[in-house]
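The values are calculated or read from the model by the stated rules, or taken from the named source; none is laboratory data. From a predicted model like this one, the values you see are computed outputs, not experimental measurements. Cβ placement follows ideal geometry from the backbone for every residue including glycine, while neighbour counts extend to all protein chains displayed. For accessibility, only protein heavy atoms count, side chains too; no ligands or nucleic acids. Shrake-Rupley method; radii C 1.70, N 1.55, O 1.52, S 1.80 Å.
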Amino acid sequence: MNTHENYMNRALELAKGGWGKTNPNPLVGAVIVKNGRIIAEGFHKALGCAHAEVCALNSAEQKVEGSTLYVNLEPCSHYGRTPPCAKAIIEAGIKEVVVAMPDPNPKVSGRGIQMLRDAGINVTIGILEKEAKKLNEIFIKFITKNKPFVIMKAAMTLDGKIATTGGDSKWITGESSRHYVHVLRDRAAAIMVGINTVLKDNPSLTTRLPSKECKDPVRIIVDSKGRIPLDSAVINLHSNAGVILATTPAICRDKEKRLAEKGVRIIKAGGSNGTVDLTLLMDELYKLEIDSVLLEGGGALNASALNAGIVDKVLFFIAPKIIGGETAPTPVEGAGRQTMEDAVRLRDIAVTRFDEDVLMEGYINNEYM
């Protein structure tokens, strides 16, 4: 690994400090190097806070004139929630900027780089670009497609069951796997389940990470007829995260009113067959600046999500257990594919061990990589 890659790797690691806090902004880290030594670092800590480049400039304990700045995403050139970073870099006297990837926003892509070059700053692009795109896969889809990035997560036994024939599902996977799921919840903007999950398990859908301060994702319940009980845990918790009920015009007006009184946001996205139109729902979530959805649904909702084409990434935890039962539920139900040729195929597969469990993840849609 060359010098550029070493410093860019550090910028990528710093960027991860903003996981779950910058949505819908990207994850960005910055490193300032002078005379072969890192003299300042920074990362975008939260939405509305200073960007990584400005954080790094402000943290420098010596003059930064003549130094090199490493950043995993093209410095912004426009006024948004904060002033443009490219302007701050120019004014600071940075002589060289090394960028992992251009800004994917078609409205601004390349403008920050051009602004730096017009000011006489040497700009290098493409260092660890693949790694940078993977880190910001959520942001790339959100800003280019105007839709949330959807991650389907499921836990199943070795024989592909998510519960026994009697409905018992606690716990399929081990503690290490379940801890990582809460890490994912902390990073995602929203978590989505179907009404059957609420009726069966009465989940809170919160994030529980005892070793760190974490946030709850926005809780989304897909419930076409408004069957959710008013005493459900998910709508009676003290949490800063909101609750969205995705439903259809079939919901009872009185039920809708009483849910609204509890602070539940109602989104009516009725489809042609009386169910929730998931594609339309994603459009509505985009308007709310929800950039990512962790789908923890049962077999029916997962099948609907795959059929609607909204899923980008799949994470299946596989436990070394066999429970059998031809009526035991599976992660994806519905009518299914009729031929192997029609099977949903995953790309860029990665396999990770969590004690006895195995996590297999891959992409259905990886055009953002």
- request: Evaluate segment 318-331: report whether one residue or more is free of Cβ contacts under 8 Å to residues at least 24 places away in the same chain and of a type outside the set (Gly, Ala, Ser).
  value: yes
field: Restricting segment 176-199 to residues that are open to solvent by 20 Å² or more (accessible area, probe 1.4 Å) and of a type in the set (Val, Ile, Thr), the residue that is farthest from Asp223 (Cα to Cα)
entry: Val183
- request: Kindly indicate which of Thr164, Thr173 is part of a loop (DSSP other than H, G, I, E, B), at negative phi and open to solvent by less than 30 Å² (accessible area, probe 1.4 Å).
  value: Thr173
message: Every residue in segment 325-355 that is closer than 17 Å to Ala154 by Cβ, exposed (fewer than 13 other Cβ atoms within 10 Å of the Cβ) and in contact with a strand residue (DSSP E or B) (Cβ under 8 Å, 6 or more places away or on another chain), please.
response: Ile349, Ala350, Val351
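Name the residue, out of Lys225, Lys130, Lys212, that is touching a residue at least 40 places away in the same chain (Cβ under 8 Å) and either basic (Lys, Arg) or open to solvent by 60 Å² or more (accessible area, probe 1.4 Å) (or both).
Lys130
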- request: State whether one or more residues within segment 13-33 are at negative phi, modelled with pLDDT of 95 or more, open to solvent by 20 Å² or more (accessible area, probe 1.4 Å) and among the charged types (D, E, K, R).
  value: yes
- request: Can you confirm whether segment 239-259 contains a residue that is over 25 Å from the mean Cα position of the chain (by Cα) and within 22 Å of Ile290 (Cα to Cα)?
  value: yes
- prompt: With (1) touching a Gly at 6+ places or on another chain (Cβ under 9 Å); (2) crowded, with 21+ Cβ neighbours inside 10 Å; (3) at pLDDT 95 or above as the list, and Lys95 as the residue in question, which single condition is left unmet?
  reply: (2)
field: Condition broken by Leu315, with the remaining ones in (1) within 17 Å of Ala154 (Cα to Cα); (2) surrounded by fewer than 20 Cβ atoms within 10 Å (Cβ to Cβ); (3) hydrophobic (A, V, I, L, M, F, W, C) satisfied
entry: (2)
message: Within segment 140-149, does at least one residue satisfy the condition of being more than 22 Å from Asn240 (Cβ to Cβ), of a type in the set (Ser, Thr, Tyr) and surrounded by fewer than 16 Cβ atoms within 10 Å (Cβ to Cβ)?
response: yes
message: Based on this model, can you work out whether Ser77 counts as farther than 30 Å from Asp186 by Cβ and open to solvent by less than 20 Å² (accessible area, probe 1.4 Å)?
response: no
task: Examine segment 256-271 for a residue that is touching a Gly at 6+ places or on another chain (Cβ under 8 Å), modelled with pLDDT under 95, loosely packed, with under 15 Cβ neighbours inside 10 Å and not hydroxyl-bearing (Ser, Thr, Tyr), and state whether such a residue exists.
output: yes
Subset of segment 236-250 (residues that are buried (at least 21 other Cβ atoms within 10 Å of the Cβ) and either outside any strand (DSSP E or B) or among the small types (Gly, Ala, Ser) (or both)): Ala246
message: With the requirement that a residue be out of contact with any Leu (no Cβ under 8 Å at 6 or more places or on another chain) and at pLDDT 90 or above, what does segment 37-50 give you?
response: Arg37, Ile38, Ile39, Lys45
